[in-house]
1. Write down the accessible area per residue of the range 157-200 in Å², having rolled a 1.4 Å probe over the full set of protein chains.
2. Determine the relative contact order of the range 117-197: mean sequence separation of Cα pairs under 8 Å and six or more apart, normalised by residue count, in whole percent.
3. Using only C-alpha positions, report the orientation-averaged shadow area of the convex hull of the range 123-195, nm², one decimal.
4. Over its Cα atoms, what ratio of radius of gyration to 2.2 N^0.38 Å does the range 98-219 give?
5. First measure r as the distance between the Cβ atoms of residue 144 and residue 202, then evaluate 1/(1 + (r/R0)^6) with R0 = 22 Å and state the FRET efficiency to the nearest 0.05.
6. Using the beta-carbon distance between residue 158 and residue 33 and R0 = 25 Å, what value does 1/(1 + (r/R0)^6) give for FRET efficiency, to the nearest 0.05?
7. So for the range 57-174, averaging the separation of alpha carbon pairs under 8 Å that are six or more residues apart and normalising by length, what relative contact order in percent results?
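The values are calculated or read from the model by the stated rules, or taken from the named source; none is laboratory data. Since the structure is predicted, the reported quantities are computational estimates derived from the model, not experimental observations. So basically every Cβ, Gly included, is an ideal-geometry build from the backbone, and we count neighbours across all protein chains shown. Side chains included, ligands, DNA and RNA excluded: accessible areas come from the protein's heavy atoms. Shrake-Rupley method; radii C 1.70, N 1.55, O 1.52, S 1.80 Å.
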Amino acid sequence: MSALLKSLHTCCQRSALLLVARGLGSSSSVSPLPLHRRFLLFLNQRFYDVEMLLSWRAHMKSRAIEKKNAYYGYTRKHYGPYIASAYYILNMKGGFRFAGQTDWFRANQRGKFSWDFLNHRDAVLEEVDMSYTVINYTGLDNLAGQKSLRTLSLRGCSQVDDWFLARLHMFQDSLEELDISHCPRITTGGLAALRNLKGLRRLDVSSLPRISSPGLVIILLEEMLPQCQITATGYDHSLRQDSEEEKVDFMQGQQ
């Protein structure tokens, strides 16, 4: 139970009991409780029902995300790794481009897409755009084996976290461009895991809300990936007092 819900419940409970006590002591005659007292009693009696409903909703949302990121083993077995990865990307409302082609395959806002990608069974994926999808750590299994992946966009992905970044080493031999901007779960320690991507040429770390000292972090990234062009907008780049703590987190992430 969160602290806010506990506080709300305690307040409603005390208010309801106090009002009932006042009502019982003020008059011996039986009369209906005023509306505001009945409302407080209702909140008190239904509090755990509401909390259970919210908990159930969060649980179902989590299950839905895990289901979307399930491993496409059947598709991989019968159609190969490239088609399986492509199918996963489109089901997640993402997009991709096969190597040697200019056209992109994308799902529309309703999740509909063309099945023409099945005609490219032996084509490798070169660019993948998963921006604003719910791809997570588990879902990366569906992109394993993409040895020619050069560009990966994860802009605005709510489930991308430090553990996710630590698994990107699977693309260390090919990945050249990476966009992880606007990802709310990424911290300084997660960025340190990008040290394995020695071939990275462009990195976008703009507007990461959990980075408290962006100026220092950018300097450390530039030292770690000297050949990489780093984009970092949406920050106050002044060095803050907690920059030393952020530096420690970064160094620990490199270990």
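1. Dividing the accessible area of the range 157-200 by its residue count gives 35 Å².
2. Reported relative contact order: 31 percent.
3. Spelled out: convex hull of the Cα atoms, projected over all directions, averaged, 4.3 nm².
4. 1.10
5. E(calc), rounded to 0.05, equals 0.45.
6. 0.05
7. 24
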